[in-house]
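**Q** I'd like to ask you about the structure that follows.
The values are calculated or read from the model by the stated rules, or taken from the named source; none is laboratory data. What you see is a predicted model; the values in this text were computed from it and never measured. Using ideal geometry, Cβ is built from the backbone for each residue, glycine included, and neighbour counts are taken over all protein chains shown.
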Amino acid sequence: MKLVIADDESLVRVSLTMMIKEMEAAWQIVGEATNGEELLERVAEHKPDIAIVDIRMPKMDGLEAIRQGRALSPLTRWILLSGFSDFEYAHQALKLGVSEYLLKPVAPAELEKTLLHIYRDNKEYIGLLNQQFENNVFALCNGLTSLKNEERSGVFFRGRFTGWIFVMDAPQLPGRVTALEREFYDELRRLADGHIVYGMNAALLSLPSGALAAVAAWDPETGRAGEDHVSRFFGKVKEAADKRCGEETMMTVLKTEECAGFEAMNEQLQQLMQWTEARALCGIGRILSYSEVAQGARDPDKLEASRLLSSIAACFQNRMYLQAEQAIGSLETLAAKSGLADKPCMRQAARLFLRYAIGLDLPGEAPASQTARELRTFRERALREAREPVPANLADQVIQYVEQHYMDDIGIGQMASELNVSVAYLSTLFHKKTGITFVKYLTRIRMHKAKELLLYTNLQIKQVAERVGYYSTRHFTKLFTEMFGKYPSEIRKIGQQGSPQRNA
């Protein structure tokens with residue numbers, strides 16, 4: 001997207017240029033002009049998408065230049081710069097076809113908002129803005145930043161939000177399940193990219209547990225258009241999830257309510273993340289609402305039984321057959337004293353879960369005692385057929401891998417697949433080892449490496465961000481400032497003052 005700046009004050013041109021470059025949008029400043037005549041030359045030569053024009057310039061003022069420039073480049077959109085005293089004058093300029101006007105001095109946020117308003121129907125620009133939204137959602141959901149960094153007038157405060165968590169159950173090796181989840185992610189990515197429009201946003205992200213989630217938001221000020229687009233997006237997402245429910249796999253969705261603002265939605269999302277085990281008795285292969293899962297979680301026996309079923313499944317999936325016996329015994333004891341096994345709906349839900357979680361088919365009316373016997377027999381057979389055990393130093397392997405590959409696009413799911421264990425299991429091991437989640441650990445490593453580069457090299461901040469795995473300078477700066485309480489440029493100044501010898 002090409003842009004021309006026309007202003008007779010060099011400081012204004014420099015300031016606007018710096019603001020635009022920091023936006024990370026795909027703007028290409030193809031020319032500058034110091035007066036109206038030069039502006040017409042630049043417009044005729046480049047046919048820019050947008051021209052930012054000062055109202056008062058020598059040789060030919062901004063309004064006359066726009067009148068003539070419209071004939072030279074009919075598709076160019078015009079932004080008029082004016083001083084306060086020219087306010088009424090600038091207002092009349094709208095009749096000329098000027099898209100927007102800005103009062104000097106121009107604030108970065110106002111300039112970006114103006115460009116967004118003009119280019120809100122441009123697919124490339126909308127995609128860029130949505131990527132910024134997704135970066136922010138990921139950072140907020142994983143505790144890397146806080147809402148204090150977001151504008152109160154922005155979508156994170158005034159928007160409507162909803163979030164879905166996806167959990168796949170399949171009686172296959174964890175590496176294969178991770179591959180199936182990756183295929184599902186790729187389909188959701190195509191759906192998200194195809195549904196993004198002005199007035200709505202959609203993000204795909206990994207939660208601290210390693211589970212995949214989709215978050216969408218819309219601006220209520222746009223009327224029902226944004227809400228309708230979100231509804232259509234999640235309709236397609238539901239179809240994609242339903243396709244994963246068959247003989248070999250079962251996909252369960254846990255979804256938040258529609259929430260006012262990000263904070264309310266994130267509270268429900270984080271709670272649902274803690275309740276994913278509840279699907280074992282709430283019923284897999286369905287969309288479970290927040291209220292439905294919360295109701296099941298209020299029954300302590302049902303919640304504990306779900307947790308034990310999930311623990312048994314995790315033990316089988318990760319070849320921890322000796323540990324499975326303890327969970328089977330605890331489930332047998334709980335079933336005997338709670339009466340849960342007397343409810344046909346509970347037995348049916350447990351049978352379905354065990355069928356898809358570990359591949360155990362139980363008789364239709366099997367009592368709790370028979371279920372325990374079948375689980376033990378299944379465990380003994382798996383123990384006899386077991387191949388290599390799960391390595392004991394998985395967390396250490398992850399730490400070593402991060403140290404060597406922190407600059408790459410890596411995730412806990414990728415490493416779980418390579419180590420052939422479940423994402424949830426590896427996430428739990430890693431948290432026990434380090435005291436923090438994988439995402440926070442990776443971010444911490446990247447930020448400290450970035451700090452070293454800022455202190456001891458002459459690399460530009462954008463280059464530093466890319467060296468540690470970030471291709472959005474804005475996102476990198478936000479994470480860096482959150483961790484160290486200083487902007488990268490401030491750290492760079494400290495390095496310049498204290499170390500005259502620096503390397504490129």
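**Q** Search region 221-250 for residues that are within 17 Å of N130 (Cβ to Cβ) and pair each with any residue that is surrounded by fewer than 17 Cβ atoms within 10 Å (Cβ to Cβ) and of a type in the set (G, A, S) when their beta-carbon atoms are under 9 Å apart and the residues are at least 6 apart or on different chains.
**A** F233/G194; K236/G194
**Q** So, one more: So which residues in region 364-378 are buried (at least 19 other Cβ atoms within 10 Å of the Cβ) and under 14 Å from M346 (Cα atoms), if there are any at all?
**A** Selection gives A368, T371.
**Q** Of all residues in region 192-228, which are among the hydrophobic types (A, V, I, L, M, F, W, C) and more than 15 Å from the chain's Cα centre (by Cα)? Can you show your working first?
**A** Initially, region 192-228 is screened for residues among the hydrophobic types (A, V, I, L, M, F, W, C), giving 192, 196-197, 200, 202-205, 207, 211-218, 225.
Those that are among the hydrophobic types (A, V, I, L, M, F, W, C) and more than 15 Å from the chain's Cα centre (by Cα): V197, W218, A225.
**Q** Counting only residues that are assigned to a loop (DSSP other than H, G, I, E, B) and either among the hydroxyl-bearing types (S, T, Y) or free of Cβ contacts under 8 Å to residues at least 24 places away in the same chain (or both), which one in region 110-149 is nearest to G194 (Cα to Cα)?
**A** Among residues in region 110-149 that are assigned to a loop (DSSP other than H, G, I, E, B) and either among the hydroxyl-bearing types (S, T, Y) or free of Cβ contacts under 8 Å to residues at least 24 places away in the same chain (or both), the one nearest to G194 (Cα to Cα) is Y119.
**Q** Out of the residues in region 39-63 that are farther than 25 Å from K113 by Cα and under 44 Å from the mean Cα position of the chain (by Cα), which is surrounded by the most Cβ atoms within 10 Å (Cβ to Cβ)?
**A** It comes out as L40.
**Q** Can you tell me which residue is surrounded by the fewest Cβ atoms within 10 Å (Cβ to Cβ) among those in region 271-308 that are of a type in the set (G, A, S) and assigned to a helix (DSSP H, G or I)?
**A** Among those that are of a type in the set (G, A, S) and assigned to a helix (DSSP H, G or I), it is S291.
**Q** Can I ask one more? Between a residue in region 290-301 that is within 13 Å of Q271 (Cα to Cα) and of a type in the set (S, T, N, Q) and any residue that is modelled with pLDDT of 95 or more and surrounded by fewer than 18 Cβ atoms within 10 Å (Cβ to Cβ), which pairs come within a Cβ distance under 9 Å, given they are 6 or more apart or on different chains?
**A** S291/E257
**Q** Among the helices (runs of 4 or more DSSP H) contained in region 35-98, which hold 3 or more residues that are modelled with pLDDT under 90 and either over 21 Å from S10 (Cβ atoms) or out of contact with any Ser or Thr (no Cβ under 9 Å at 6 or more places or on another chain) (or both)? Explain how you work it out, then say what you get.
**A** Details: elements: 36-46, 62-72, 87-93.
Filter on region 35-98 gives 62-72, 87-93.
**Q** When region 346-378 is examined, which residues are found to be in contact (Cβ under 8 Å) with a residue 24 or more places away in the chain, farther than 20 Å from L303 by Cα and among the small types (G, A, S)?
**A** If the condition is that a residue be in contact (Cβ under 8 Å) with a residue 24 or more places away in the chain, farther than 20 Å from L303 by Cα and among the small types (G, A, S), then G359 is the only one that fits.
**Q** Which number in (1) surrounded by fewer than 15 Cβ atoms within 10 Å (Cβ to Cβ); (2) in contact (Cβ under 8 Å) with a residue 60 or more places away in the chain; (3) under 24 Å from A280 (Cβ atoms) marks the one condition that E267 misses?
**A** Every listed condition holds for E267 apart from (2).
**Q** Suppose we filter E247, E239, E221 for residues that are outside any helix (DSSP H, G or I) and either farther than 22 Å from C141 by Cα or at pLDDT 95 or above (or both); which single one remains?
**A** Criteria check complete, one pass: E247.
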